[in-house]
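Just below is one structure, and these are the notes that go with it.
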Amino acid sequence: MERNLKNVLVISFGFLFLFTAYGGLQSLQSSLNSEEGLGVASLSVLYAALILSSMFLPPILIKKLGCKWTIAISMCCYIAFSLGNFYASWYTLIPTSVILGLGGAPLWSAKCTYLTIAGTSYAEKAGKNAKDIINQYFGVFFLVFQSSGIWGNLISSLIFSQSSTNVKIPEEDLACCGAYNCLTDTTNSTESAKPSNSLIYTLLGVYTASGVLAVLLIIIFLDQIKSDQAETEKEKLETSSFWSTFLATFQHLKDKRQCLLIPLTMYSGFEQGFLSGDYTKAYVTCALGIQYVGYVMICFAAVNSLCSLLFGKISQFTGRKLLFALATVTNTACIIALLLWKPHPKQLAVFFVFPALWGLSDAVWQTQTNGLYGILFEKHKEAAFANYRLWESLGFVIAFGYSTKLQVYIKLYILLSVLVLSMMTYGAVECLEAKSSPGTPTAKKKENGGPFTQETHM
């Protein structure tokens, strides 16, 4: 096997094993650690730490350790979070959430740097276009990585379905499920249906082992980058201090279009935070039991992946405006329906309809917003995508931060308000673009979107 392709596969499967564990744990936090909102508080702290990490740590660690060891050490931060869940408390989960958040940004930056260097190196040797090879490597990576959402949730549901405490939930407890949930009573009903400690420890043991396997894969099989490209990359990192990266991120806010895209970018964090933090707890766990959370999130992940691939291909024919309109209508319909729906175990199929439609909408938000940033800010991509990570992570922080303080219907109204604001400001961006280059080939190219690399959030 060609050496560079082998390294791409090692990174891909390393991330697959790592995020099989993290993705499953994130979906379960609001249900598994519901006492005093510990689970969602840990996620809020996690994304706050990620914001700080993305501003400072990646250039320093990659420069000092190289890509391989930055990836390996950052992966250990994720394992710490799994270990913290064994004895979940404010003294274990919050510190390990901070550790994971700090490791998140260097992990993804090192991965992107490694794949870019590997692709460029192979292209020079083979006499091929570097951009084409890099796109192929990222395609292989995401093909393998995206399935982590399925495997992590499948493991949790299969293990929790073995629970002997899966009892029928009383009607009086079901009355507390849904948009108008009882903030205190739902916790009680959740606790009564909580799996035994032995099953929880089994799940966490599997997740921890999966993370350890990811680290071993990287340490044993991933080659350290030793090429002219690596040295060039180090020189870039050396001359570009973290202060200059930090300042460039905020200087980019002078661009009016970037400011107008902040609500849309934050909405991405809001809507994902609602699904994994509120829908899983107030609808699924409350009415069906925690063993169904994994199956529901599998539905979301599968539809999201398929639609991401589909929308990436058809955007050149439909244009991004039509896809944004589709996502807006779908999300709005879901929010209104969630406000009206009273979840009941007899309506099992409905519990899967919402995450499926949510996955369709999220696929648009991710692919088209990433693509929009790449097209609008082609000359300042680093600063633009740093802003993307910053504002999306802030959306996560806020969504998880108020999760235990507000009833679900209030959070749904907030979600709807942010969505409406996002579409208004996005429309203003499109108007600015149309005025700046009306009827030109460039305008048409922008209208149709362009190639994108779908990045994950953590």
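The values are calculated or read from the model by the stated rules, or taken from the named source; none is laboratory data. Since we're looking at a predicted model, the values are computed, not measured. Reconstructed Cβ throughout: ideal geometry from the backbone, glycine too, with neighbour counts over all protein chains shown. What goes into the accessible areas is simple: the full protein's heavy atoms, side chains included, and nothing from ligands, DNA or RNA. Shrake-Rupley method; radii C 1.70, N 1.55, O 1.52, S 1.80 Å.
Taken over segment 125-142, the criterion of being open to solvent by 60 Å² or more (accessible area, probe 1.4 Å) and without any contact (Cβ under 8 Å) to a residue 60 or more places away in the chain is satisfied by LYS125, GLY127, LYS128, ASN129, LYS131, ASP132, GLN136.
Can you confirm whether segment 293-309 contains a residue that is over 21 Å from the mean Cα position of the chain (by Cα) and surrounded by fewer than 23 Cβ atoms within 10 Å (Cβ to Cβ)? Scanning segment 293-309 turns up no residue that is over 21 Å from the mean Cα position of the chain (by Cα) and surrounded by fewer than 23 Cβ atoms within 10 Å (Cβ to Cβ). Scanning segment 82-95 for residues that are buried (at least 22 other Cβ atoms within 10 Å of the Cβ) and either in a loop (DSSP other than H, G, I, E, B) or touching a strand residue (DSSP E or B) at 6+ places or on another chain (Cβ under 7 Å) (or both) turns up just one, ASN85.
The one condition from (1) in contact (Cβ under 8 Å) with a residue 24 or more places away in the chain; (2) under 18 Å from PHE15 (Cβ atoms) that ALA80 does not meet is (1).
Each row is one residue, and each column tells you yes or no for (1) in a helix (DSSP H, G or I); (2) touching a His at 6+ places or on another chain (Cβ under 6 Å); (3) open to solvent by 40 Å² or more (accessible area, probe 1.4 Å).
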site	(1), (2), (3)
PHE311	yes, no, no
ALA383	yes, yes, no
ARG389	yes, no, yes
THR404	no, no, yes
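For SER147, indicate whether it is within 29 Å of the chain's Cα centre (by Cα) and buried (at least 22 other Cβ atoms within 10 Å of the Cβ). So SER147 does not fit the description; no.
The number of residues in segment 188-222 that are small (Gly, Ala, Ser), crowded, with 17+ Cβ neighbours inside 10 Å and at pLDDT 95 or above comes to 3.
ALA333 meets the conditions (1) over 21 Å from THR265 (Cα atoms); (2) open to solvent by 30 Å² or more (accessible area, probe 1.4 Å); (3) among the hydrophobic types (A, V, I, L, M, F, W, C) in every case but one. The failed one is (1). One residue alone among VAL98, VAL40 is outside the structural domain of LEU394 (by the TED database) and either of a type in the set (S, T, N, Q) or open to solvent by less than 20 Å² (accessible area, probe 1.4 Å) (or both), and that residue is VAL40.
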